[in-house]
Each structure stands twice: as C-alpha cells, then as structure tokens.
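Just so you know, all these numbers are worked out from the coordinates, no wet-lab data involved. Just so it is clear, the model here is predicted, and its values are computed rather than measured. Here the Cβ positions follow ideal geometry from the backbone for every residue, glycine too, while neighbour counts run over all protein chains shown.
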Amino acid sequence: MLDGGLKVTERIQGVVVAALEEINLTREEKIPTDQVLDLCLYGDSGVFESMYLVAFLSLVEENIEDEFGTEVSLTSEKAVSRRVSPFSSVRRLIGFIEEELELVGVRG
C-alpha cells in the first residue's frame with residue numbers, strides 16, 4: 001500500500017471524486033458524489049453528454065498524473081472499443097484505470 005496506507009483503488013476513487021467535485025463547481029445541477037461507485041457517467045441515465053464526458057475524463061487524466069506520476073489515456077481505442085464501456089459507471093471507470101496503472105507498474 002502507498003500514500004499513507006490507501007490502496008490504489010481508494011486513491012483512484014479519490015481522484016475521480018475530486019474531478020466530479022471540480023465539475024460541480026460549474027454546474028447548476030450538481031452530480032451526487034455520496035454513492036459515487038454506482039453513478040452512471042454516460043448513456044441513457046448518465047450524468048454526462050459526450051462533450052462533458054470528454055472534459056471530465058481529461059480532468060481525471062490530469063488528476064491521475066498528479067496522484068500517481070504517470071500518464072493514462074482514458075479515451076484510447078482500448079477504452080472505447082470494450083464490450084462493456086468503462087464509462088458506464090464510476091466503478092467500471094475505476095477498474096479500467098486500475099488495469100491501466102498496473103500495466104505501467106503501479107500496483108496496490
């Protein structure tokens with residue numbers, strides 16, 4: 001475990017929540033962050049339309065680089081071509097980010 005005992009998954013969740021909270025600063029209708037793991041990001045019941053999703057993912061990428069010191073692309077062909085989209089929920093997004101970080105040697 002790194003960073004004061006937090007697991008990588010918890011650190012990723014913190015990064016995602018921080019990005020959502022930053023997005024909320026500019027939104028009239030706030031995105032709930034209390035039950036964040038089951039939050040639907042994109043799709044019929046998602047909180048983002050496509051352009052806002054891209055902005056959110058860019059913010060998450062920046063936060064990941066700050067937190068872990070490495071770059072991860074969330075809009076790669078690998079991400080967008082999955083049968084189950086990593087953007088369907090925060091839980092799936094965290095899982096995808098964790099997989100990508102493991103590929104560059106970040107484990108937890």
Charge-dipole axis of region 8-103 as Lys and Arg at +1 and Asp and Glu at -1 on Cβ define it, positive-most pick from Y42, A55, S76: Y42
Summed residue charge, Cβ within 12 Å of A55's Cβ, Lys/Arg positive, Asp/Glu negative: -3
Angle in degrees between helix 50-68 and the longest Cα principal axis of the chain, rounded to the nearest 10: 20
Acute angle (nearest 10 degrees) that the helix 90-103 long axis makes with the longest principal axis of the chain, alpha-carbon atoms: 30
Charged-residue dipole, Cβ positions (Lys, Arg, Asp, Glu), region 8-103 about Cα centre, Debye nearest 20: 380
Space enclosed by the convex hull of the alpha-carbon atoms of region 8-103, per residue, Å³: 94
Relative contact order, percent, region 8-103 [alpha-carbon distance under 8 Å, six or more residues apart]: 34
C-alpha long axis of helix 8-24 to longest principal axis of the chain, angle in °: 30
For L41, distant residues with modelled amide H under 5 Å away: V47, S89, V90
